[in-house]
1. Applying the selection to region D:53-78, what residues are of a type in the set (Val, Ile, Thr) and within 22 Å of D:Val98 (Cα to Cα)?
2. Could you please give the count of residues in region B:148-158 that are within 9 Å of chain A (Cβ to nearest Cβ) and among the hydrophobic types (A, V, I, L, M, F, W, C)?
3. Residues D:Lys156, D:Lys176: which one is within 20 Å of D:Met196 (Cβ to Cβ), in the same structural domain as D:Ala212 (by TED's automatic domain parsing) and among the basic types (Lys, Arg)?
4. Taking the condition of being part of a helix (DSSP H, G or I), more than 7 Å from chain C (Cβ to nearest Cβ) and at pLDDT below 85, how many residues in region D:205-227 meet it?
5. Is one or more of the residues making up region C:80-100 more than 15 Å from DNA strand E (Cβ to nearest atom), without any contact (Cβ under 8 Å) to a residue 40 or more places away in the chain and more than 15 Å from C:Ile151 (Cβ to Cβ)?
6. Here is a check on your reading of the model: is A:Val200 closer than 30 Å to A:Ala63 by Cα and at the interface with chain B (Cβ under 10 Å from one of its Cβ atoms)?
7. Here is a list of conditions, (1) in a helix (DSSP H, G or I); (2) at the interface with chain A (Cβ under 10 Å from one of its Cβ atoms), and B:Thr165 meets all of them except one; can you say which number that is?
8. Out of C:Ala171, C:Ala180, C:Ala193, C:Ala113, which single residue is touching a residue at least 24 places away in the same chain (Cβ under 8 Å), within 13 Å of another protein chain (Cβ to nearest Cβ) and aliphatic (A, V, I, L, M)?
Protein chains: 4
Amino acid sequence: MLNWSLIAYRVPAMESASTPTTGPAKPRARRGRPPELGLAERRRHQLVESACAVFAEHGYETASMSDVAKHAGVGQGTVYRYFPSKRELLDHVLDHGVERMLDAVTGGEATQAESLEDLSGQISGIAERLFTLIEAEPNLLKLVLVEASAIDDELKARLLGLENTLSAMMASYLDKGVRAGWLREDLDTEMVAHGMNSMVVPGFLLALRGDATAERRARYVTTLTSFVMFGLRGPEAA
Amino acid sequence: MLNWSLIAYRVPAMESASTPTTGPAKPRARRGRPPELGLAERRRHQLVESACAVFAEHGYETASMSDVAKHAGVGQGTVYRYFPSKRELLDHVLDHGVERMLDAVTGGEATQAESLEDLSGQISGIAERLFTLIEAEPNLLKLVLVEASAIDDELKARLLGLENTLSAMMASYLDKGVRAGWLREDLDTEMVAHGMNSMVVPGFLLALRGDATAERRARYVTTLTSFVMFGLRGPEAA
Amino acid sequence: MLNWSLIAYRVPAMESASTPTTGPAKPRARRGRPPELGLAERRRHQLVESACAVFAEHGYETASMSDVAKHAGVGQGTVYRYFPSKRELLDHVLDHGVERMLDAVTGGEATQAESLEDLSGQISGIAERLFTLIEAEPNLLKLVLVEASAIDDELKARLLGLENTLSAMMASYLDKGVRAGWLREDLDTEMVAHGMNSMVVPGFLLALRGDATAERRARYVTTLTSFVMFGLRGPEAA
Amino acid sequence: MLNWSLIAYRVPAMESASTPTTGPAKPRARRGRPPELGLAERRRHQLVESACAVFAEHGYETASMSDVAKHAGVGQGTVYRYFPSKRELLDHVLDHGVERMLDAVTGGEATQAESLEDLSGQISGIAERLFTLIEAEPNLLKLVLVEASAIDDELKARLLGLENTLSAMMASYLDKGVRAGWLREDLDTEMVAHGMNSMVVPGFLLALRGDATAERRARYVTTLTSFVMFGLRGPEAA
DNA sequence: TATGAATGAGCCTTCATTCAT
DNA sequence: TATGAATGAAGGCTCATTCAT
């Protein structure tokens with residue numbers, strides 16, 4: 001299973017953008033082309049996808065294992081051949097969701113920004129990709145970000161750790177900008193990073209609310225970017 | 001019950017902080033044991049509090065009505081004398097939570113900011129009060145903000161509507177600043193408002209994570225405020 | 001409480017047509033004008049009436065004591081001051097119902113028929129009165145005749161005993177006709193009596209079905225009477 | 001499920017005595033353990049039988065689903081695999097009961113009577129078979145005839161409809177006799193049919209009362225038959 | 001291996017009954 | 001005396017999980 005605490009190492013590397021999203025239970029070497037997903041692996045994947053859909057649609061507690069089985073087109077017992085319990089299945093579903101989110105965040109570009117312009121572009125890029133995902137699967141995101149933390153404390157901790165890691169990445173990223181001189185010196189990068197992370201939230205709410213037109217989305221991304229730029233650069237800049 | 005769609009009217013007015021949630025007790029005169037005026041209200045309140053605690057602790061779906069009853073120190077049947085169903089009880093719990101949040105947000109000051117300094121002060125104030133509440137009752141907030149939207153669509157809509165209303169208030173507030181000239185003209189106030197609202201989130205996460213020291217809290221509030229100030233004022237300002 | 005096994009003595013006497021229907025818990029002398037029903041008695045009566053209505057409407061099991069209390073306009077606890085349990089209340093309700101049925105059956109006339117014509121008239125009379133009651137309160141009758149026997153064995157026995165008693169009365173009545181010569185000699189009066197009793201059933205069903213027009217009712221009474229006349233008299237008669 | 005409104009068509013035809021209540025098992029071919037054809041049907045039947053017994057014994061409202069499960073020797077959950085609710089189970093129980101009653105009524109012979117003697121024989125036959133059933137399972141009959149109508153209005157309507165249909169059949173049967181001249185012309189066949197139907201009741205009561213000796217039963221059938229004969233034929237016959 | 005039948009713990013809810021006032 | 005608040009036993013029903021085939 002994907003160990004979320006490791007994402008700190010995975011994400012910045014950003015070279016493994018094409019890792020097959022099957023994720024979780026792959027105990028095999030991640031390098032090289034996984035020659036062919038075994039039948040069992042494909043079943044697992046199929047089940048995780050179905051569980052994603054079903055949990056996202058009805059919520060984890062409300063959804064039943066037989067809903068999942070039905071959605072996957074298998075018998076109920078079969079689910080238990082691949083996942084020992086509902087809870088464990090959820091873990092995999094969340095891994096799947098987190099993986100997709102991370103792919104969206106890191107998607108393609110892996111370069112460190114070298115100037116404010118670079119940064120601005122990257123922020124816009126991340127925002128765009130994230131909102132695309134959000135609009136494509138608002139329920140999945142809701143499941144991962146909102147509902148999961150309500151299941152139990154372990155999950156809550158994991159999710160919070162994820163945010164922490166992302167913020168830490170962002171902060172170290174900003175630190176470079178500060179050292180390089182194109183970000184204002186007195187920036188509390190850690191806190192700014194948390195703040196910036198949180199600004200996806202409105203896009204998310206927009207999508208949940210269902211009034212996420214392309215125009216509104218663009219407006220929000222523009223506003224967000226310029227806002228952040230001003231905030232990061234400080235008053236002395238043009 | 002608090003009608004959330006009315007908060008737009010309630011919040012700015014800010015004078016009716018103590019609206020009773022359930023209306024006055026019926027003063028009918030009858031034979032037999034007098035219904036002990038106020039007892040019902042007290043019980044209702046006691047139960048809502050217990051339900052708050054229990055739902056926040058275990059999650060709405062997972063918590064059982066008998067947990068609530070046990071927590072309140074009454075028999076299970078008693079809960080049903082005051083709330084016809086688990087779902088209805090949740091509604092009241094959420095009302096309670098939203099009310100407390102709104103009180104925190106609007107707390108005390110009701111004046112329109114007349115300058116950037118005013119605004120900055122107000123933002124700090126709101127942030128402070130909110131974080132105080134968050135730290136006092138992180139679970140309640142989690143319940144209201146996070147979990148509720150996963151219960152059903154009606155609740156999701158209500159919560160989203162709440163955010164929308166708050167943003168609209170904030171936006172119209174900013175509009176005045178733009179018109180008065182102390183905020184930059186090209187501000188997309190609506191989007192900025194959404195973005196600003198979302199910036200409570202890190203404070204919230206901090207509290208959930210449990211590492212919300214006074215020092216970190218202060219750092220976040222400071223960063224947030226200055227960040228917002230720069231963003232709102234634009235580059236031309238000192 | 002009315003002891004149903006005693007009705008055999010009460011009914012043929014048929015002189016007490018005006019006994020106040022309060023029935024059940026009257027442990028006082030039934031002779032003479034019961035000077036004034038005590039307040040308690042009136043309450044009991046009021047409760048029995050309400051229980052009649054409520055039990056008849058929803059069925060005994062389905063109806064709740066608080067429905068009864070509400071219908072009577074008293075507190076729930078009050079019901080228990082007059083009847084120690086729901087079951088006991090039912091007993092009184094049934095007594096009330098049976099009493100009304102018996103009054104309908106015996107209503108007014110008390111004379112022994114002296115000829116086939118008399119008998120025919122009496123049968124028509126009984127049928128008419130019974131159907132009037134049935135149409136006025138089909139639910140009460142359903143309660144007494146249909147539902148009660150499903151409550152428990154004691155009640156079942158009581159109801160069956162009631163039918164038995166009525167049949168016995170009817171049989172001894174017919175016996176006189178046989179001895180007097182205006183009924184055919186080979187009549188198995190006991191069985192005939194049972195059969196005749198059962199012929200109220202269709203009228204009852206008619207009423208339950210709701211299509212009991214005056215015309216249909218008349219047709220049934222006529223048919224029934226003539227049918228019985230032929231059956232009783234045998235072939236040798238005109 | 002047996003559609004009671006169709007019994008008018010089913011009964012006279014009398015050739016489809018074994019219509020399966022639930023339809024054929026779906027013959028799909030799948031992986032995994034084969035669904036063991038017929039098992040479901042057997043379980044359903046077993047459960048209906050148990051439910052019959054339990055409902056008849058304690059009454060529908062009073063009996064609990066776990067009583068039924070216990071009687072059938074299965075877990076409570078199992079009952080719900082076959083019937084979605086207690087009410088639905090009752091429907092099947094009643095279908096079962098009605099079916100058995102109809103089989104008793106129509107049993108074997110399907111011929112239209114051609115003379116009074118035929119009719120007399122048929123009536124005796126029906127009565128005999130019915131009483132045999134009644135004595136074998138008085139509780140089932142009580143459930144079907146007595147208690148069911150107290151459950152809810154839909155059931156009441158269905159039962160009344162059943163009686164109506166039977167009477168209509170009987171009436172049309174009698175009509176032929178009138179046209180053929182061996183029944184008196186002025187017979188109100190519809191009402192007579194209702195009346196005749198109701199005459200099973202005493203046999204039923206006899207059984208419930210528990211004093212249904214063979215001798216008494218025979219006496220009642222004889223009396224009933226002769227009584228009806230006189231009534232049908234009228235005074236002009238020998 | 002895949003299946004679905006079987007299960008029972010546990011949930012929400014109702015209601016007859018008790019009892020302090 | 002009348003009341004209604006309080007209660008807990010019990011019921012219908014769901015569903016995660018097990019297991020024989």
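The values are calculated or read from the model by the stated rules, or taken from the named source; none is laboratory data. Please read these numbers as outputs of a predicted model, since none were measured by experiment. Note that each Cβ is placed from the backbone with ideal geometry, even for glycine, and that neighbours are counted across all protein chains shown.
1. D:Val54, D:Thr62, D:Val68
2. Step one: of region B:148-158, the residues within 9 Å of chain A (Cβ to nearest Cβ) are B:149-152, B:156-157.
Okay, now just the ones that are also among the hydrophobic types (A, V, I, L, M, F, W, C), so B:150-151, B:157.
Here the count works out to 3.
3. Working: D:Lys156 fails: within 20 Å of D:Met196 (Cβ to Cβ).
None of the others qualify; the one that does is D:Lys176.
4. Taking region D:205-227 and keeping what is part of a helix (DSSP H, G or I), we get D:205-209, D:214-227.
Subsequent filtering for residues that are more than 7 Å from chain C (Cβ to nearest Cβ) retains D:206-207, D:214-218, D:221-222, D:225-226.
Filter once more, so that each one left must be at pLDDT below 85: D:206-207.
Qualifying residue count, region D:205-227: 2.
5. no
6. yes
7. (2)
8. Working: C:Ala171 fails: touching a residue at least 24 places away in the same chain (Cβ under 8 Å); C:Ala180 fails: within 13 Å of another protein chain (Cβ to nearest Cβ); C:Ala113 fails: within 13 Å of another protein chain (Cβ to nearest Cβ).
One residue alone meets the criteria, C:Ala193.
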